[in-house]
Amino acid sequence: MSTTRDRKSHNKTKAKAMNIEATRSGILLPDDYRPSEDEPFMNERQRMYFRRKLLAWKEEIVLQTRETLQGLHEDSTQHADLADRATSETDRALELSIEDGTYGYCEETGEPIGLRRLDARPIATLSLEAQERHERRERVYRED
């Protein structure tokens, strides 16, 4: 949304600058003007053409940089929202497991996780033995 507004503002500013430049030099370049080998090299028209081209290029780079920075800002905001959402989903899952009586029991074996483990890591869903098996399997898969 703001990028469309930025582009419109950018185009108006660019048009004003070009009109001021044309008025100052007394030369009006047609929009379709392209430098030609038939003209004297770097005559006033060519200099104006390339000045415009470089300014337009610079302005486009600045605009793209702003859009990139805005996108990065929006992405970082979204990541923060995702982290908040993951936290609330984890909280809700723990609440449900406490309510339905599955909290504290290993998801893999159904055996009690153990109070010491739960005290050290209240979000544990695997017993110590099941967690160790899981980590061994991960190492084997990573090594393959």
Output for Cβ contacts, cut-off 7 Å, separation at least six or different chains, first residue polar (S, T, N, Q) and surrounded by fewer than 15 Cβ atoms within 10 Å (Cβ to Cβ) in the range 101-112, second assigned to a loop (DSSP other than H, G, I, E, B) and at pLDDT 90 or above, reads Thr109/Ser127
Condition check: modelled with pLDDT of 80 or more and of a type in the set (Asp, Glu). Does Glu74 satisfy that? no
Out of Leu55, Leu126, sole residue that is at pLDDT 90 or above, of a type in the set (A, V, I, L, M, F, W, C) and either outside the structural domain of Tyr33 (by TED's automatic domain parsing) or more than 30 Å from Asp32 (Cα to Cα) (or both): Leu126
All but one of (1) in the same structural domain as His134 (by TED's automatic domain parsing); (2) modelled with pLDDT of 90 or more hold for Leu115; state the number of the condition that does not hold. (2)
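The values are calculated or read from the model by the stated rules, or taken from the named source; none is laboratory data. The model shown is predicted, which means the values in this text are computed figures rather than measured ones. Here Cβ is always computed from backbone atoms with ideal geometry, including for glycine, and neighbour counts include all displayed protein chains.
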